[in-house]
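For reference, the structure is listed below as structure tokens.
The values are calculated or read from the model by the stated rules, or taken from the named source; none is laboratory data. Small disclaimer: the values here were computed from a predicted structure and weren't measured. Here the Cβ is made from the backbone with ideal geometry for all residues, glycine too, and neighbour counts use every protein chain on show.
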Amino acid sequence: MKPDRPSSVAGTPVVAPLVFVPRTSKIPGAGPEPMAPALAAQVNPLIAAHRERAGALLPLLHAVQERLGHVPPMVVPAIAEALNLSRAEVHGVISYYHFFRSTPPGRHVVQVCRAEACQACGADELLAEAEALLGCKSHETRSDGAVTLEPVFCLGLCASSPAVQVDDQLHARMTPARLRQLGEQLEILA
Ligand code: FES
């Protein structure tokens, strides 16, 4: 029968060893991977260009995503240290804004505006159509890596809704038929 508690041998109580780890100590091998030299060579100049600015975090994250297409988790410690923030704060901002991606996007990025003016002109139906045409859900990258579909909030074409951006190109008054045409041109239809 199993004892309810650790037994003792020859009068010596058997207790589980306690390991005290101060909150400030570094655990060898713990923490995210450091940036690879090639990644650091791209990101460090961006950090240097932004670190002295007030409210540098968002512009810096934008710059990193513009350069790399996403914000890799490995850059978070360097950004946190440079801006005197905690890693959790940096990570919190990245995960709060849908705009920021932590993984690389597909070869083409299709963004469908879902803000108010576009919603009033059928953005939800257009997004559903895009999911069907491209064969991937919104916020996802298709398994062949050809396309990422993202809902976004205002592309600045509110007067010509609904608006879509495909890679860097804005398209006003989008319709399912035009979306299909674009998909055919880029060879990204499912
Ligand atoms: S609401 Fe869609 S572009 Fe502004």
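Observations, loosely collected:
- Only one of the numbered conditions (1) within 16 Å of the ligand (Cβ to nearest atom); (2) in contact (Cβ under 8 Å) with a residue 40 or more places away in the chain is not met by Met74, and that is (1).
- Scanning the stretch 100-137 for residues that are within 15 Å of the ligand (Cβ to nearest atom) and either touching a strand residue (DSSP E or B) at 6+ places or on another chain (Cβ under 7 Å) or outside the structural domain of Arg180 (by TED's automatic domain parsing) (or both) turns up Val110, Gln111, Val112, Cys113, Arg114, Ala123, Leu126, Leu127, Ala130.
- Those strands (runs of 3 or more DSSP E) lying entirely in the stretch 133-177 with at least 1 residues of a type in the set (D, E, K, R): 147-152
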